[in-house]
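Peer 1: Got a structure for you, questions after.
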Amino acid sequence: MKQLNFLTLLLFTFLSFSAFSQNITISGNITDARNGEDLFGASLIVADMSNTGARSNVYGFYSLSIPAGEHTLIYRSSGYEEQRIVIQLTKDTLINIELSLSKDVQELEEVEVTSKRSNNNITSSQMEVTRLDPQSIKTIPILFGEQDVMKTLQLTPGIKGGGEGSAGFYVRGGGADQNLILLDESTVYNASHLLGFFSVFNSDAIKDVALYKSGIPAEYGGRASSVMDVRMRDGNNKKFGASGGIGLISSRLTVEGPIVKDKGSFIVSGRRSYADVFLVFAKEEEIQNTTLFFYDLNAKANYKIGDKDRVYISGYFGRDKFSLDDQFGFDWGNATGTVRWNHLFNDKLFVNTSFIYSEFDYRFTIGQGEDGFGIRSKIRDFNLKQDYNYYINNNNSLKFGVNAIHHTFQPGSLESGVNVGFNEINLDDRHALEVGAYVQNEQKVGNRWAFMYGLRYSGFNYMGKGTAYEYDDNGLITDETTYGSWESIKYYQGIEPRFSASFILNESNSIKAGYNRIFQYIHQLSNTTTSSPTDVWVPTSNNVKPQIGDQAALGYYKNFKQDEYQVSVETYYKWLQNQIDYKPNANLLLNGQIERELVYGKGRAFGVEFQIKKTKGKLTGWFNYTLSRALRTFEDIDAGAEFSARQDRIHDLNLVLTYEINKKLVVSTSFVYYTGDAVTFPSALYEMDGYEVAYVGKRNGNRLPDYHRLDLGLTWYLKERKHFEHNLSFSIYNVYNRENAFSVRFTDSFEDNPTGQTQAVQTALFKIIPSITYNFKIK
Amino acid sequence: MKKLYFLFTISFLVLISSCQKVIDLEVTDTEPKLVIEAKYDAVKEEVFVRLSKSINVFSNDGYTTLTGASVEITDGNGVVTPLVDQADGTYLLENYSPIYSAEYAMKVTVDGETYEASDVLQPVVPLDSLTTEFQPQTPFFDAGYVVYMNVTDPVGDNYYRAIKKINGEYKRELGDQFMFDDDFTEGNIQKVPLFSELYQVGDTVQIDLLSYSEKSYTYFSELRAIAGGGSSSAAPANPTSYWSKECLGHFSVFGYDTKVIVIEE
């Protein structure tokens, strides 16, 4: 019944808007003149009409309806020179536009003068989206000189890294599994390499990253806290080129070019780390046989079939491998693939259909052959998705779509050599079908108001083939039922309202508000405080309820000095239901009854984020400060008392500055400070069984020492040739050599300790690390 | 399993050059809590109880013990026998013969409060033999002999703890505590390696293989998990207490089988 209502609503919205007056529609694609890459979020402004414009979607497509007559059209995108077209409109017109990069600062200043403002941050109805393109972060100093969009995102307000050596990140007090990470629409289940020191996103292959932390659009669903939408580059459709970098830890190479000039292109980008290459110089043969590396391969191709159709195929393969001779092996990785078809029904209705594959698995072996055993686990998705953009008129643009994901979870299997004596274990696969349908309208009302409102319906069918268990309070099985293939075990569904609004006070001031509800049907379990590839994904089931996240946010935005400075204050409150924690000493590995190890509770998070950003000139960068809390309540933990989530960093401060000394030299710095993570320390000691034992205090009732770190970077652009440019980039991580705590243990036997008194001993991972990387580009 | 992964993490971290130091840190002290350590060793036929109090984490003081308590054990037939106060916080009962598969109850009355707990004495699973295997030198281990315990695991849930005595000395390091159950090996002949240490020719290795009840196994596993003083578990918690009133410690009854091997080439 609910579904039917939803469809009726969709149809109704559709029909009621179709009845609008007959204007002339201009539509087309906005692309980069150098390489034909689609420009996402580029804008078209009608100079002779107030408050009239359009923005390109992720495929570079735009559509706008205006009255017939002579108009001056301005096409514009940040960092590009704007284009003006004066045109006499008599009928629907296709206008494809190529924008050129602004060449240098002088021209940039001219653009500033001619274009009135670049104030998207003020005028769009969407709450602040954190958006990065890899080009803009090139000079920010980073660990081992390896540029990383995920690390840079963690320097922006409300987004907190999991700490050194941890892959996850936290958005506004949400859990590490509450972030939907998409690469060309495919879910990336583990976005880290080398246990979190690098992300899987090779900057050379990435066009654009957007992180939605509030007012999340209805087209996204499935994770309670945020969406990180990463888009791969399409490749240069004008000429062949290559670029790459040689660094201390890894090297990378990208090749791209047209398949048919201006019609289709491809890009292949690879990266491999080689810490282990140096091991061949080691004396011991076993060390020579140690493997420790990761690689990434991104590939994508697209082709335009006529003016109305375009197909894309893209894939990502990445893997970490670690092994010690033949004693021990551990490897994990993601594989994703996306096939997409863009189709233009007419100049107002754009549709994209995608078929998406996504897989994450890990393998773990000890010993070999008859004397060894191995464990493996996997999650695999097939996703079919269709998204429509309907440009109703100048004031309304509608998005709607449907998708269905088939999940297969392989929680784990154990294969054992005959000499080890372990029984083979093969935990049953678990299956689920996750469906979604949404409709959302972006509407301008007058010159001051802009709204985005939508609904998403989500459903989750946990289904056979498999056995469902019921447990009592002590975790004992009380009932079990066997289900056949595709037979529903439990169905959950929910309606998710999404809303954001902006009120423009004047050209440089606005207020925005947003609310969203999101259901999350799959959950990541981790029994260590740092995330690792062996963390287990589990579906919502007859025992596990979907997580529900609600968030309300309010923000004030102001631009100064012709948008040179952008100031914002955002505040939020987030409610989380059906949060998951673990019973003491829960065993998550190869556990067929994993659900009885879980306890359920709720959470809340709130905070205020201040940011000042300088976007133009020789000195650019930002400063932000966040005051926030992230709290959880579980009946089974400390008798239901509210406690801090690990990521409850009360104060969080970031400073990022880039200064262009001259055309050849750019220096940069970043500084990070945050309150130490909330952790559980002993609150007493006692003797038992001949051991000195810690009495565990309140959950997360203590703090690690505060974290702070300063990094410096220098990029030196070497002499440019006609078809070749190159640079050297130097960076120093942790300049003043702060030993930040990775973990703390309590021991009376650390080094020489004559009194035998217990001491707190911290482990720090990184001291000062200088690095150098050579980057080149063949044009 | 957990241990092997732990090993991996540690070696990985070493590779990226971590560093450690003592730091000043604030912890929240709790008021001293009563600890009752009570055990019945069915092979030695000895019941032992120790009463003490917990201390602050960074305290320099020793542990205070409690004397003058009334301590008694009840066997499966309901026979109550008191323990003798040794006046140093310990209470002792010797020559107390076991009844296997029977439930024993412990009752401690101290400072006007009574604490009770019980445990079942499991039949002892025999340790068939100890065998060795030579392991050549690797970058992470020296050369030496791995000792294997060969156990015929009976059908049904079984819980084990191995205690090592090397060259006449009991090994008391945390890493020497070795506990395992038969989750992966139910009903099989098990060949269980003692990985934590390698032995050289001439070493005498004695293993006491304890058979625990599920309750005691759970308690000591949980105790072991937090005794390391680390903060890496996502759900750190005190071991489940099976005492009738809030206090720390545990009452266990157990028997064991012992085998000795002298390492030969």
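The values are calculated or read from the model by the stated rules, or taken from the named source; none is laboratory data. Nothing here was measured: the structure is a model prediction, and the numbers come from that model. Here the Cβ is made from the backbone with ideal geometry for all residues, glycine too, and neighbour counts use every protein chain on show.
Peer 1: Taking only region A:535-586 into account, find how many residues are within 14 Å of chain B (Cβ to nearest Cβ) and under 20 Å from the mean Cα position of the chain (by Cα).
Peer 2: Number satisfying all stated conditions: 2.
Peer 1: Would you confirm whether or not region A:416-438 contains a residue that is modelled with pLDDT of 95 or more and in contact with a Leu (Cβ under 9 Å, 6 or more places away or on another chain)?
Peer 2: For region A:416-438, residues modelled with pLDDT of 95 or more and in contact with a Leu (Cβ under 9 Å, 6 or more places away or on another chain): present.
Peer 1: Only residues that are within 14 Å of another protein chain (Cβ to nearest Cβ) and more than 23 Å from A:Thr534 (Cβ to Cβ): list them for region A:360-416, please.
Peer 2: Across region A:360-416, the qualifying residue is only A:Glu370.
Peer 1: So in region A:205-230, with the set limited to residues that are basic (Lys, Arg) and at pLDDT 90 or above, which one is surrounded by the most Cβ atoms within 10 Å (Cβ to Cβ)?
Peer 2: A:Lys213
Peer 1: Still on this structure: Among the residues of region A:721-779 satisfying the criterion of being aromatic (Phe, Trp, Tyr) and free of Cβ contacts under 8 Å to residues at least 40 places away in the same chain, which is nearest to A:Ser166 (Cα to Cα)?
Peer 2: That would be A:Tyr736.
Peer 1: Next up: Does A:Tyr75 satisfy the criteria of being under 30 Å from A:Glu256 (Cβ atoms) and not in a loop (DSSP other than H, G, I, E, B)?
Peer 2: Yes.
Yes/no per residue for (1) over 24 Å from A:Leu194 (Cα atoms); (2) modelled with pLDDT under 85:
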position: A:Phe671; (1), (2): no, no
position: A:Asn700; (1), (2): yes, no
position: A:Thr715; (1), (2): yes, no
position: A:Ser729; (1), (2): no, no
position: A:Phe746; (1), (2): yes, yes
position: A:Leu765; (1), (2): no, yes
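Peer 1: Are there strands (runs of 3 or more DSSP E) fully within region B:62-146 with at least 3 residues that are of a type outside the set (Asp, Glu) and within 25 Å of B:Glu45 (Cβ to Cβ)? List them.
Peer 2: Here the list reads B:70-74, B:80-82, B:90-93, B:103-110, B:113-120.
Peer 1: Right, next: For A:Asp320, indicate whether it is buried (at least 21 other Cβ atoms within 10 Å of the Cβ), within 24 Å of the chain's Cα centre (by Cα) and part of a strand (DSSP E or B).
Peer 2: It is true that A:Asp320 is buried (at least 21 other Cβ atoms within 10 Å of the Cβ), within 24 Å of the chain's Cα centre (by Cα) and part of a strand (DSSP E or B).
Peer 1: Is there a residue being out of contact with any strand residue (DSSP E or B) (no Cβ under 7 Å at 6 or more places or on another chain) and of a type outside the set (Gly, Ala, Ser) anywhere in region A:692-704?
Peer 2: Scanning region A:692-704, I find no residue that is out of contact with any strand residue (DSSP E or B) (no Cβ under 7 Å at 6 or more places or on another chain) and of a type outside the set (Gly, Ala, Ser), so the answer is no.
Rundown of residues vs (1) of a type outside the set (Asp, Glu); (2) assigned by TED's automatic domain parsing to the domain that holds A:Lys304; (3) part of a strand (DSSP E or B); (4) touching a Lys or Arg at 6+ places or on another chain (Cβ under 7 Å), yes/no style:
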site	(1), (2), (3), (4)
A:Leu182	yes, no, yes, no
A:Leu211	yes, no, yes, no
A:Tyr220	yes, no, no, no
A:Asn236	yes, yes, no, no
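Peer 1: Starting from residues that are surrounded by fewer than 16 Cβ atoms within 10 Å (Cβ to Cβ) and closer than 30 Å to A:Asp711 by Cβ, keep the ones in region A:752-775 and report whichever is farthest from the other protein chains (Cβ to nearest Cβ).
Peer 2: A:Tyr774
Peer 1: Quick test of your reading of the structure: A:Phe197 fulfils all but one of (1) in contact with a Gly (Cβ under 9 Å, 6 or more places away or on another chain); (2) buried (at least 22 other Cβ atoms within 10 Å of the Cβ); (3) modelled with pLDDT of 90 or more. Name the failing condition by number.
Peer 2: Tallying (1) in contact with a Gly (Cβ under 9 Å, 6 or more places away or on another chain); (2) buried (at least 22 other Cβ atoms within 10 Å of the Cβ); (3) modelled with pLDDT of 90 or more, A:Phe197 fails exactly one: (3).
Peer 1: Run down A:Gly446, A:Gly475 and say which single residue is out of contact with any strand residue (DSSP E or B) (no Cβ under 8 Å at 6 or more places or on another chain), small (Gly, Ala, Ser) and closer than 15 Å to A:Val544 by Cα.
Peer 2: Answer to the selection: A:Gly475.
Peer 1: Taking the residues in region A:672-724 that are surrounded by fewer than 17 Cβ atoms within 10 Å (Cβ to Cβ) and hydroxyl-bearing (Ser, Thr, Tyr) as candidates, determine which candidate is nearest to the other protein chains (Cβ to nearest Cβ).
Peer 2: Out of the qualifying residues, it is A:Tyr691.
Peer 1: Follow-up question, since we're still on this one. Could you tell me how many of the residues in region A:333-353 are over 30 Å from A:Ile66 (Cα atoms) and touching a Ser or Thr at 6+ places or on another chain (Cβ under 6 Å)?
Peer 2: So the count comes out to 3.
Peer 1: Write out, first by first residue and then by second, each pair whose Cβ atoms fall under 9 Å of each other, whose residues are 6+ apart or on separate chains, and whose first residue, in region A:410-424, is in the same structural domain as A:Ser358 (by TED's automatic domain parsing) and closer than 30 Å to A:Ser358 by Cα while the second is of a type in the set (A, V, I, L, M, F, W, C) and modelled with pLDDT under 70.
Peer 2: Pairs that qualify, where the first residue is in the same structural domain as A:Ser358 (by TED's automatic domain parsing) and closer than 30 Å to A:Ser358 by Cα and the partner is of a type in the set (A, V, I, L, M, F, W, C) and modelled with pLDDT under 70, are A:Leu414/A:Phe422; A:Leu414/B:Phe184; A:Glu415/A:Phe422; A:Ser416/A:Phe422; A:Ser416/B:Phe184.
Peer 1: OK, next. Which is farther than 23 Å from A:Gly244 by Cβ and either in a loop (DSSP other than H, G, I, E, B) or at pLDDT 90 or above (or both), of A:Asn334, A:Asn352?
Peer 2: After ruling out the rest, the residue left standing is A:Asn352.
Peer 1: Still on this structure: Need the failing condition index for A:Arg632 against (1) of a type in the set (Lys, Arg); (2) touching a strand residue (DSSP E or B) at 6+ places or on another chain (Cβ under 7 Å); (3) closer than 20 Å to A:Gly713 by Cα, just the number.
Peer 2: (3)
Peer 1: Here's a follow-up. Of everything in region A:167-191, what is within 11 Å of A:Gln647 (Cα to Cα), buried (at least 24 other Cβ atoms within 10 Å of the Cβ) and in contact with a Phe, Trp or Tyr (Cβ under 8 Å, 6 or more places away or on another chain)? Give them in sequence order.
Peer 2: A:Arg172, A:Gly173
Peer 1: A follow-up question, please. Restricting to region A:430-489, what's the tally of residues that are of a type in the set (Asp, Glu) and either touching a His at 6+ places or on another chain (Cβ under 9 Å) or in contact (Cβ under 8 Å) with a residue 40 or more places away in the chain (or both)?
Peer 2: 3
Peer 1: Right, next: Considering only residues that are loosely packed, with under 15 Cβ neighbours inside 10 Å and part of a loop (DSSP other than H, G, I, E, B), look in region B:22-54 and name the one that is farthest from the other protein chains (Cβ to nearest Cβ).
Peer 2: B:Glu45
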